[in-house]
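The values are calculated or read from the model by the stated rules, or taken from the named source; none is laboratory data. What you see is a predicted model, and the numbers here were worked out from it, not measured in a lab. Glycine also receives a Cβ, built like all others from the backbone with ideal geometry; neighbour counts cover every protein chain displayed.
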Amino acid sequence: MDLATMNIFARAARAAVVFCAGLVALPAVSAGIQQAFLVQNSGWMEPFYSDPASQLKALVAAVAGAATSADDPVFTLAFSQSKGSNVSPALLASGRGTAAMGRDLAALTVARKGPGAALADTDFKEAISKTITGPFKAAPGIIWIFTNNKNSPDNDAQTAERNRDFYRLLHLEPSITKTLVFALKMPVQGKQFAARGLMVYALAYGKPAAEALDRIMAEGRLTRVLTQAPARLKPVDQDALRIVPVAVKDAPNVSASLGADQRTLVLDVEAAGLVPTVTLQAKLENLFYPYVIQRAGVEASLLGSAERTPVRVEPAVVQGLQPGAAQPVEVSFTLPMAQVPSAWSAQALAAMGKQVLLPMVVEMGLTGQQLTLSENFSAEMRELFPGDPISEVFTPPDSVRASLVRVPLLVRIQYPLLPVLALMGGLLLLVGGLVALGLASRSSKRYELVVDGNKRNVVLKPFASLAIKDGEGRLVGEIKRGLGRPQVLSVAEGHTLNLGRP
């Protein structure tokens, strides 16, 4: 990368940091993510514009329609190389969504260097850097590039070497946080050139753009347009594998499955059958398309809400794992039982006999990672883009020797209904007793007393006491009633006080 380009990216990256810092207090989806669609229209692209069967413009419109929402700021640009009166990239349309794209895209044709017949050259780095500092204003966004993969600034015939410069930029420029590549078969024949394929790059500038690109891919709308799986150019230090459960060993009451996102590992277990240590018979699947994991060591740990515990993976080495292929393994880990609620806990009782969810994360690291490009993919690229050093775009930098995989783990514990029923029964008994006690406390009853040998009747409520006096008003004694018969509490000297018949 030349010094001028590095300076442009440095300024853009600093502006992006300021921009992202300002977003901290704002809702993440307040204004959508800005996206730019860069369509190459230099001389090398002539067959894509002159062949009546070309699907280039229809493809750009379809990708834009699938990748954007009505709230996204969208920019449509044509790029070649700035030279003479030709300006690159040239803004064709801008606005919310893709409503403004169609007319200007339909009129797009091959660019020329000036008033003469010479067709424009191509400069990928210029197109990317000027899009970031121009329409994007150095804020995060997704850049889509539609190209035949020939980079020829100043009519340089060494397109392979110029492509190497471009590939190094994609790998090493830190502000470009994610890059996906779609290689499409699109044979076209023009008056001057012919081509067999078209490359679509999706570049995320800034972390928010990478997250937005992940959401776009997860929604699935784009797969109806770009039907082949994208090749991942960057990052190659994240999400290399996924765990595909097969069975739980020696634990018949525990079942394992994949969640709806096809990444979350789900364990279902009855509370009474929960075991501290789980050994999962599983497969490690290579998600590093189009890379073969020639060799890597596997280290893992389980992250709960308050602690990290080791996870044993056997075998602890991945070897010769083709993209999309899987290797059988055993994954053993100890559940943090201290975090498992008791069947009598408020959390379990609030579940009313249903499931209590314990979210965790299995963190796996690949060390000593050695990646090579799949031979099938490499052969396909050589066919679509003859003469281009396409394998070099997918060669990870020497600095990337490790990757980190975070696999969500969800333990779903089914608690029995018995504690809930027992608690509800106890509450009902308590309420019933209180009601009975309340009713009993209101009922008065007549009792017979013998005071100094004379019979007398008194009326007492439950838990009431009564001072007994003789005919002259002198205190004879005191009685008190609970729920049953009254009891004599005291008798004055020289008097007698007894309960009569009940």
- Message: I'd like the residue in the range 169-213 that is among the aromatic types (Phe, Trp, Tyr) and in contact with a strand residue (DSSP E or B) (Cβ under 9 Å, 6 or more places away or on another chain) and, out of all such residues, is nearest to Leu384 (Cα to Cα).
- Response: Phe182
- Determine which member of the set Val269, Val292 is over 29 Å from Val356 (Cβ atoms), assigned by TED's automatic domain parsing to the domain that holds Arg401 and in contact (Cβ under 8 Å) with a residue 24 or more places away in the chain. Val292
- Test Ala93 against the criterion of being modelled with pLDDT of 90 or more, surrounded by fewer than 22 Cβ atoms within 10 Å (Cβ to Cβ) and hydrophobic (A, V, I, L, M, F, W, C), and give yes or no. yes
- Item | Residue in the range 64-85 that is surrounded by fewer than 16 Cβ atoms within 10 Å (Cβ to Cβ), of a type in the set (A, V, I, L, M) and closer than 28 Å to Ala210 by Cβ present | yes
- Item | Test for Ser85: is it more than 36 Å from the chain's Cα centre (by Cα) and within 14 Å of Asn41 (Cβ to Cβ) | no
- Message: Within the range 105-123, take every residue that is surrounded by 15 or more Cβ atoms within 10 Å (Cβ to Cβ) and closer than 17 Å to Lys57 by Cβ and give me the one that is nearest to the chain's Cα centre (by Cα).
- Response: Leu105
- Query: Here are some residues: Pro187, Pro174. Which one is under 34 Å from the mean Cα position of the chain (by Cα), of a type outside the set (A, V, I, L, M, F, W, C) and modelled with pLDDT of 85 or more?
  - Reply: Pro174
- Counting only helices (runs of 4 or more DSSP H) entirely within the range 44-133, those with at least 1 residues that are more than 23 Å from Gly190 (Cβ to Cβ) and of a type in the set (Ser, Thr, Tyr) are 124-133
- Query: If you scan the range 280-300, which residues turn out to be of a type in the set (Asp, Glu) and under 19 Å from Pro310 (Cα atoms)?
  - Reply: Glu299
- Message: Against the condition in contact with an Asp or Glu (Cβ under 9 Å, 6 or more places away or on another chain), of a type in the set (Val, Ile, Thr), assigned by TED's automatic domain parsing to the domain that holds Asp268 and modelled with pLDDT of 70 or more, how does Val488 come out, does it pass?
- Response: no
- Condition check for Gly134: assigned by TED's automatic domain parsing to the domain that holds Ser54, at pLDDT 95 or above and surrounded by fewer than 23 Cβ atoms within 10 Å (Cβ to Cβ): yes
- Task: Give the range 77-103 a look and list any residue that's touching a Phe, Trp or Tyr at 6+ places or on another chain (Cβ under 6 Å) and either closer than 15 Å to Thr147 by Cβ or among the basic types (Lys, Arg) (or both), or say none.
- Result: Ser88, Pro89
- Message: Condition first: farther than 11 Å from Thr147 by Cα, buried (at least 23 other Cβ atoms within 10 Å of the Cβ) and either free of Cβ contacts under 8 Å to residues at least 60 places away in the same chain or not assigned by TED's automatic domain parsing to the domain that holds Ile143 (or both). Can you find one or more residues in the range 45-52 that meet it?
- Response: no
- Of those in the range 196-211 that are surrounded by fewer than 23 Cβ atoms within 10 Å (Cβ to Cβ) and closer than 19 Å to Ser50 by Cβ, the residue farthest from the chain's Cα centre (by Cα) is Arg196
- Message: I'd like to know if the range 251-264 contains one or more residues that are of a type in the set (S, T, N, Q), in contact (Cβ under 8 Å) with a residue 24 or more places away in the chain and surrounded by 15 or more Cβ atoms within 10 Å (Cβ to Cβ).
- Response: yes
